[in-house]
Structure formats: C-alpha cells, structure tokens
Amino acid sequence: MDHVPPKQFHPKQTRNETNPNLWTVPTHKRCNAEYREDEEYFYHAAYPLVQKTNPVMGEVFHRDLARRIRRPQTPAMVRNLLRDCRTVTDAGIYLPPRVIEFNLDARRMERVAIKIAQGLLYRDQGRHIPWENCKDIRLCESETDVPELYRLSWSAKEAKVQSVIPRVFSYRRCKFDSMHLLSMCCWEAFMFCVLFEDPAVHRGLSGGDDK
C-alpha cells in the first residue's frame, strides 16, 4: 500500500498532534520504490516555498528537516539542493546579502504531483488512470496563478475540499465531460493543478468498449 500523499509529507510534529488516519492505495512495490528519491526531493525542495508563503508551517518544516538531518541521505540531498542556488540572476543582477535564487527541478516535482493525483483518482474512482492521460500540470505559487479552468471547477458541487490534515495537504476534484481536474494544495503554501483525461469516457465517445 502507498500513502497518498506520501507519509513523509506529514511532518512528525503534525502526526503527533493529530494522529491522522492517513490515506493509502494499492501499488506495485517496484513502481513505488522508483519514486522514493523524487518524493524526498519534493519535500526538501518545497521548504523555501513553504517558508515564504506560510511561515507558521515553515517553522514546522524547519524543525522536521533538523530532525531528519541525522539521516545519511538528508545532508546529501541538502548539498544537491544548494548546488542549484545562485546569488546572481540570469539577467546578471546580484541579489542582496542573504538572498539566493533557488531553482526547482520541475520534472521531479511534477512526477510526484502526477503520482499523487493518480492515487487520489484511484481512491475516488476505484480504478487506475494511466500516466499518459495526464494532459496538463501547473505549479501555482498563489491562487492568482491558478488557470481559470481550475478556478471555475471549484464552484462545482462535487469539488468540495478533502483532506486528512488541511494544513498539510488538501485537494479538490471535479469531473467535466472526459476530464478530471484536481487542485492539490500543499502545506497551505502552493498548489499543483493537474488535468487527466478519462480513458473510459474517451473510449466510449470513440465507439469502443467502455468496460
């Protein structure tokens, strides 16, 4: 069974405070293992975004990362992240003291976001929707960055907010024709918007077998 979102997304402090019943879905062990390093990257790379947008949760993050630093893989991850930081922008502008520009590896972040979305769809629909059916994914650092299609989907009756711990992870899902639109909020700091095309509906519209 795989946690959706990953168990490590819930800092130890929040798990101790709430003792949540975390969501799980079935998965292949090999497939799950292929995402482990990317999930570690996602959690560590999210810290600057969380600290910037939600300082209260940023402090919880900071304490959790300080606890994790005792693990051998954590210092290596932090060193890799720091190698991607710069004090000079692409335009040649020198940043002020103690200010750095941090470049996210968008591909690794998106891999994890799509996997989470697949898990949520399985949890809601009881069936797997393939990776290649993901037709759109956006990282939105604020609500104003969210494309209009996703914001409009929030008004649908079925698009109610669902979560185990709202301040850690919550999401909205809306189905429109052959599309599943998911808006996933992470640590009340940023959002991934993901659109999946439903293969069953698509086959039905094409005159194929809908089973």
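The values are calculated or read from the model by the stated rules, or taken from the named source; none is laboratory data. Bear in mind the structure is a predicted one, so any value in this text is a computation, not a measurement. For neighbour counting, all protein chains shown are included, and Cβ atoms are generated from backbone atoms with ideal geometry for every residue, glycine included. Surface areas here come from the heavy atoms of the whole protein model, side chains and all, with no ligands, DNA or RNA. Shrake-Rupley method; radii C 1.70, N 1.55, O 1.52, S 1.80 Å.
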For segment 102-135, which positions are modelled with pLDDT of 90 or more and either assigned to a strand (DSSP E or B) or of a type in the set (A, V, I, L, M, F, W, C) (or both)?
M109, V112, A113, I114, I116, A117, L120, L121, I129, W131, C134, K135
The correct count of residues that are of a type in the set (D, E) and in contact with a strand residue (DSSP E or B) (Cβ under 8 Å, 6 or more places away or on another chain) in segment 35-88 is 1
Looking only at residues in segment 19-47 that are hydrophobic (A, V, I, L, M, F, W, C) and under 20 Å from C140 (Cβ atoms), which one is surrounded by the most Cβ atoms within 10 Å (Cβ to Cβ)?
F42
Among the residues in segment 7-18, are any surrounded by 12 or more Cβ atoms within 10 Å (Cβ to Cβ), free of Cβ contacts under 8 Å to residues at least 60 places away in the same chain and closer than 20 Å to A113 by Cα?
yes
Any chance F169 is touching a Leu at 6+ places or on another chain (Cβ under 7 Å), open to solvent by less than 60 Å² (accessible area, probe 1.4 Å) and among the aromatic types (F, W, Y)
no
How many of the residues in segment 146-158 are modelled with pLDDT of 90 or more and either touching a helix residue (DSSP H, G or I) at 6+ places or on another chain (Cβ under 7 Å) or open to solvent by 40 Å² or more (accessible area, probe 1.4 Å) (or both)?
6
Of all residues in segment 39-67, how many are within 17 Å of V112 (Cβ to Cβ) and out of contact with any Asp or Glu (no Cβ under 8 Å at 6 or more places or on another chain)?
10
Taking first residues from segment 83-105 that are among the polar types (S, T, N, Q) and second residues anywhere that are open to solvent by 70 Å² or more (accessible area, probe 1.4 Å) and modelled with pLDDT of 75 or more, the pairs with Cβ under 8 Å that are 6 or more apart or on different chains are T87/Y94; N103/R86
In segment 52-97, how many residues are of a type in the set (A, V, I, L, M, F, W, C), farther than 17 Å from F42 by Cα and either in a loop (DSSP other than H, G, I, E, B) or within 22 Å of the chain's Cα centre (by Cα) (or both)?
4
For the structure I just gave you, tell me whether R138 is open to solvent by 50 Å² or more (accessible area, probe 1.4 Å), closer than 24 Å to T27 by Cβ, assigned to a strand (DSSP E or B) and at pLDDT 95 or above.
no
Within segment 63-86, track down each residue that is polar (S, T, N, Q) and open to solvent by less than 80 Å² (accessible area, probe 1.4 Å).
T74, N80
Test of understanding: among V112, V50, V60, which residue is open to solvent by less than 30 Å² (accessible area, probe 1.4 Å), touching a Gly at 6+ places or on another chain (Cβ under 9 Å) and of a type in the set (A, V, I, L, M)?
V50
Mind checking which residues of segment 159-211 are of a type in the set (S, T, Y) and modelled with pLDDT under 95?
S163, S178, S206
